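The structure appears right after this line, and notes come after that.
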Amino acid sequence: MAATAKTLVVFRLGAELCAMPVSAVAEVLHMAETARPPGLPRILEGFLDLRGTAVAVLRPDRLFNLPEIRLALYTPALVLRGARPPMAVLVDAVVGVLPASDIVPIEEDRTFNGCVVAEARTTAGAAHLLAPERLLLEQERRRVAEFETLLHERREAAEAGEAPT
């Protein structure tokens, strides 16, 4: 099945070319220092403070059992638009914002949690089209939200000069 052209943010995860709809990405940041609360799930790098909002930084390399992304000063993180809890996705490199000339759907049960929804043909090559809302299982999403709440409460306590709980 061919679909009409769609604009995608195309990026690399190891040797894999992946993409998300441009409408799903609020911005691209260079990796910043993250807070790492005790007990943080392995799938998270930590939380970054983005203009006063705690944003969970997801490690898709660990989710998909890919070679580790080597973190450096300019490692890109894609901040997802409207994600609850707020989330960014670490990637190896952003290839660009490209049109997809052909999008072929993939059956939902063929990938983990149905997170790869299609193969998209771009000028950079064929890319796995990811559904950002399906990157985490519901229980993972709840756990991330709990950590985000804890971080927010600790920040408020610190600003008020109280001891953290």
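With an 8 Å cut-off on Cα pairs and a minimum separation of 6 or more residues, tell me the relative contact order of the stretch 1-61 in percent. Kindly include the intermediate steps, with their values, before the conclusion.
Numbers: 61 pairs, mean separation 13.0, N = 61.
In percent, rounded to a whole number, it is 21.
Using a probe of 1.4 angstrom, how much of the accessible area of the stretch 3-55 is carbon and sulfur, in percent? Walk me through the intermediate numbers first.
Details: 1350 of 2540 Å².
With neighbouring chains kept in place, the figure for the stretch 3-55 is 53 percent.
Place +1 on the Cβ of every Lys and Arg and -1 on the Cβ of every Asp and Glu in the chain, take the dipole about the Cα centre, and give the residue among Met20, Cys115, Gln139 whose Cα lies farthest towards its positive end.
Value computed over the given set: Met20.
Can you tell me, using C-alpha contacts under 8 Å and at least 6 residues apart, the relative contact order of the stretch 77-130 as a whole percent? Mind showing how you got there, number by number?
Details: 69 pairs, mean separation 13.3, N = 54.
The value is 25 percent.
List the relative contact order of the stretch 1-121 as a percent without decimals, with contacts defined as Cα pairs under 8 Å and 6+ residues apart.
Working: 244 pairs, mean separation 38.4, N = 121.
After rounding, I find 32 percent.
Considering only protein heavy atoms and a probe of 1.4 Å, how much of the accessible area of the stretch 66-165 is carbon and sulfur, as a whole percent? Can you show the working numbers first?
Numbers: 3100 of 5830 Å².
Solvent-exposed carbon and sulfur of the stretch 66-165 make up 53 percent of the total.
Say each of Ala145 and Val28 gets a label point 7 Å from the Cα, pointing the same way as Cα to Cβ; how far apart are those two points in nm?
About 3.1 nm, to one decimal.
What figure in square angstrom, to the nearest 10, would you give for the accessible area of Asp49 with a 1.4 Å probe?
Answer for Asp49: close to 90 Å² accessible.
Assuming 0.36 nm per residue, please report the length gained on full extension of the stretch Thr123 to Glu138 beyond their Cα-Cα distance. Don't jump to the answer; show the numbers that get you there.
Details: separation 15, 0.36 × 15 = 5.40 nm, distance 3.41 nm.
That works out to 2.0 nm of additional length.
Using helices alone, what [θ] at 222 nm do you get for the chain, with -39,500 (n - 2.57) per DSSP H run of 4 or more residues, divided over all residues and rounded to the nearest 500?
Calculated from helices alone, the mean residue ellipticity at 222 nm is -5000 deg cm²/dmol.
Keeping all protein chains in place, calculate the accessible area per residue for the stretch 55-141 (probe 1.4 angstrom), answer in Å². Kindly include the intermediate steps, with their values, before the conclusion.
Details: 4310 Å² over 87 residues.
So the stretch 55-141 comes to 50 Å² accessible per residue, rounded to a whole number.
Can you tell me the dipole magnitude for the stretch 69-165 around its Cα centre, using point charges on the Cβ only (Lys, Arg +1; Asp, Glu -1), in Debye to the nearest 20?
Values: 11 positive and 15 negative charges, 43 e Å.
Rounded to the nearest 20 debye, it is 200 debye.
For the peptides 152-159, 15-22, 28-35, what is the packing order when you average, over each peptide's residues, the other Cβ atoms within 10 Å and list the highest mean first?
15-22, 28-35, 152-159
Angle check, please: helix 138-159 long axis (alpha carbons) against the longest principal axis of the chain (alpha carbons), in degrees 0 to 90, nearest 10.
Relative to the chain, helix 138-159 is tipped by roughly 40 degrees.
The values are calculated or read from the model by the stated rules, or taken from the named source; none is laboratory data. Everything quoted here is computed from the prediction, not taken from an experiment. Positions of Cβ are backbone-derived with ideal geometry, glycine not excepted, and every protein chain shown enters the neighbour counts. These area figures cover heavy atoms from the full protein model, side chains too; ligands, DNA and RNA do not enter into them. Shrake-Rupley method; radii C 1.70, N 1.55, O 1.52, S 1.80 Å.
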